[in-house]
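The next block holds one structure in the form of structure tokens; read it before the comments.
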Amino acid sequence: MKVAPLSVVTLEYTVTDEHGEVIDSTVGKEPLVYMHGTRYLVSGLEAALEGRAVGDAFEVTLAPQQAYGEYDEALVQEVPGELFDGMEVAEGDTFVAETDDGHRPVTVVEVTESTVKVDGNHPLAGVTLGFKVEIKDVRPATAEELAHGHVHGAGGCGGHHDHDHDHDHDHGGCCGGGHHHHDDDAGNGGCCGGGGCGGKGHHH
């Protein structure tokens with residue numbers, strides 16, 4: 001079976017930045033398991049996987065537009081500290097904020113007596129990413145998985161994302177980290193392999 005929309009794919013991968021530094025890897029850990037065609041991965045990686053089969057191994061370099069987008073200075077804002085009243089806020093914390101564009105993960109970059117500066121960019125925005133990928137398994141999704149829109153079972157929620165609405169799974173896996181916010185996802189994603197948002201992952 002080849003990788004196609006709504007197939008369940010098991011991957012082993014390593015992600016590096018433009019300097020060759022490893023950002024995330026499943027090597028020696030649990031592989032990433034995801035449902036293809038659900039925007040679980042960044043767009044460039046999903047496109048590179050389309051039509052491939054078990055045993056295929058490849059490397060691909062993704063420009064920011066194919067991964068987490070360009071860095072947008074407009075997404076860095078100072079907000080009144082009172083919005084976080086009663087909460088301990090420190091640099092590096094992440095929160096899911098409600099914005100005009102829906103739920104968006106933001107990272108605290110500076111805290112003063114009266115304001116908190118937050119950054120709504122993904123931690124890997126503006127970064128060119130290199131992926132080394134090997135496909136370990138491809139299978140049809142079950143009826144339950146199709147109904148829920150994600151994989152069930154061991155490793156099934158791989159990808160570092162905090163789901164904010166109906167499904168409260170913790171998705172780990174940078175590669176799996178592609179999530180661009182869906183209505184049922186807060187989607188803060190990990191690195192492309194995951195964890196990029198780090199921090200406490202509070203909902204605000």
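The values are calculated or read from the model by the stated rules, or taken from the named source; none is laboratory data. Computed from a predicted structure; not experimentally measured. Because the Cβ atoms are built from the backbone with ideal geometry, glycine has one as well, and the counts that use them run over all protein chains shown. Keep in mind that these areas ignore ligands, DNA and RNA; they rest on the heavy atoms of the full protein, side chains included. Shrake-Rupley method; radii C 1.70, N 1.55, O 1.52, S 1.80 Å.
Against the definition (closer than 24 Å to Ser7 by Cβ, in contact with a helix residue (DSSP H, G or I) (Cβ under 7 Å, 6 or more places away or on another chain) and not basic (Lys, Arg)), how does Ala67 come out, yes or no? When the stated conditions are applied, Ala67 passes them.
Among the residues making up the stretch 110-141, those that are farther than 20 Å from Glu73 by Cβ, open to solvent by 30 Å² or more (accessible area, probe 1.4 Å) and touching a residue at least 60 places away in the same chain (Cβ under 8 Å) are Lys132, Glu134, Lys136, Asp137, Arg139, Pro140. Of Glu59, Glu82, Glu46, Glu70, all but one fail to be modelled with pLDDT of 95 or more, closer than 22 Å to Thr107 by Cβ and among the acidic types (Asp, Glu); the exception is Glu70. Residues in the stretch 51-84 that are charged (D, E, K, R) and more than 30 Å from Thr10 (Cα to Cα) were compared, and the one that is least open to solvent (accessible area, probe 1.4 Å) is Asp72.
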